[in-house]
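Report on the structure given below.
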Amino acid sequence: MTAGLRERRKQESREAISGVAMAMFEARGFDEVTISQVAEAAGVSKMTVTNYFPRKEDLVFDRAEAIIASLADVVAARAPGESMLAAVRRDYAERIAAGDVTLGVPTPAFARMVHGSHALASRRLEIADLTEWALGDAIAAETGTEEPQQRIAAAQLASVHRVLFAEGTRRVLAGQPGDEIRQALAGAADRAFDLLEPALGGYRVRA
């Protein structure tokens with residue numbers, strides 16, 4: 001078996017287990033389903049599940065690693081003449097227009113599941129904290145220094161995603177249609193980035 005085929009089969013297995021788990025969580029509640037029950041329903045061993053998903057919450061937030069790295073990746077890839085703020089602003093506009101659910105417009109069932117579980121709500125906050133910290137690390141790596149101002153800039157940039165994610169979820173739980181939510185978040189993001197412009201518009205413009 002080639003390495004590419006092996007990786008594809010591992011990814012297919014991972015997605016299959018996650019799909020089974022999500023169906024069970026949405027039907028019965030995250031806290032009411034055990035890893036052993038997921039493994040039995042998916043037809044695999046408990047060890048197989050935990051090899052793919054070390055934490056039970058990872059079955060829900062299976063894209064956590066990509067989310068945590070997202071802002072750091074955006075600023076690292078920004079174009080010459082583009083500030084960090086401009087890069088993050090552009091990326092948010094593109095992703096919300098494309099319907100990226102990780103920005104805060106999940107399905108109602110997903111939103112209810114996370115809202116109803118302290119463990120999932122805590123994990124969601126942890127992901128937001130780690131995203132901000134990864135962005136701060138990226139700024140520090142680029143400047144070659146470690147100063148409070150860099151962490152403050154990272155916190156300001158990441159706060160837009162954090163606050164608007166919560167706002168999007170609130171609207172989902174209230175029953176607002178997804179298209180309306182995405183439009184509202186796009187407008188709110190523009191206003192938020194406008195507020196940050198005087199402080200960060202000229203910060204770390206790529207040469």
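The values are calculated or read from the model by the stated rules, or taken from the named source; none is laboratory data. All values derive from a computational prediction rather than experimental measurement. Neighbour counts are summed over all protein chains in view; Cβ atoms, including those assigned to glycine, are modelled from backbone coordinates with ideal geometry. Each accessible area value is taken on the protein alone, full model and side chains, heavy atoms only, with ligands, DNA and RNA left out. Shrake-Rupley method; radii C 1.70, N 1.55, O 1.52, S 1.80 Å.
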Next item on the list: Would you mind counting up the charge near Thr131? Only other residues with Cβ under 15 Å from its Cβ, with Lys and Arg at +1 and Asp and Glu at -1.
Entry: -2
Next item on the list: Can you check what the net charge comes to around Gln176, using other residues whose Cβ is under 11 Å from the Cβ of Gln176 (Lys, Arg +1; Asp, Glu -1)?
Entry: 0
Next item on the list: For every helix of n ≥ 4 consecutive DSSP H residues, a contribution of -39,500 (n - 2.57) applies; sum these over the chain, divide by its total residues, and give [θ] at 222 nm rounded to the nearest 500 deg cm²/dmol.
Entry: -24500 deg cm²/dmol
Item checked: Zone of Leu125's modelled label, taken as backbone nitrogen in the range 19-49 under 20 Å from a point 7 Å along Cα→Cβ -> 30-31
Next item on the list: Distance between Cα centroids, the range 13-66 to the range 158-202: provide it in whole Å.
Entry: 30 Å
Notebook entry, point to check: Placing +1 at every Lys and Arg Cβ and -1 at every Asp and Glu Cβ, with all other atoms neutral, what dipole size does the chain have around its Cα centre, in debye to the nearest 20?
Noted result: 340 debye
Next item on the list: Report the dimensions of the range 1-129 along its three principal axes from the alpha-carbon atoms, largest first, rounded to Å.
Entry: 54, 43, 23
Check: With every protein chain present, what is the per residue accessible area of the chain (1.4 Å probe, Å²)?
Finding: 53 Å²
Check: Hey, any idea what % of the chain's accessible area is carbon plus sulfur with a 1.4 Å probe?
Finding: 56 percent
Check: For the range 1-60, what ratio Rg/Rh do Cα atoms give with a Kirkwood hydrodynamic radius?
Finding: 1.01
Checklist line | Label-zone membership for the range 127-144, site Arg63, 7 angstrom Cα→C-beta point, backbone N under 19 Å | finding: 127-132, 134-135
Margin query: With viscosity set to 1.567 mPa s at 4 °C, what whole-number translational diffusion coefficient in µm²/s follows for the range 69-207 from Stokes-Einstein and a Kirkwood radius over Cα pairs?
Written below: 83 µm²/s
Margin query: Taking each pair of distinct Cα atoms in the range 126-207 once, what is the resulting Kirkwood hydrodynamic radius in Å?
Written below: 14.1 Å
Next item on the list: Round to the nearest 0.05 the FRET efficiency obtained for Glu147 and Arg90 when R0 = 30 Å and r is the Cβ-Cβ distance.
Entry: 0.70
Checklist line | Full-stretch length increase - Thr34, Ala166 - with 0.36 nm per residue and alpha-carbon distance subtracted | finding: 44.8 nm
Notebook entry, point to check: So, with +1 on the Cβ of K and R and -1 on the Cβ of D and E, and no other charges, what is the size of the charge dipole of the range 83-128 about its Cα centre, to the nearest 20 debye?
Noted result: 80 debye
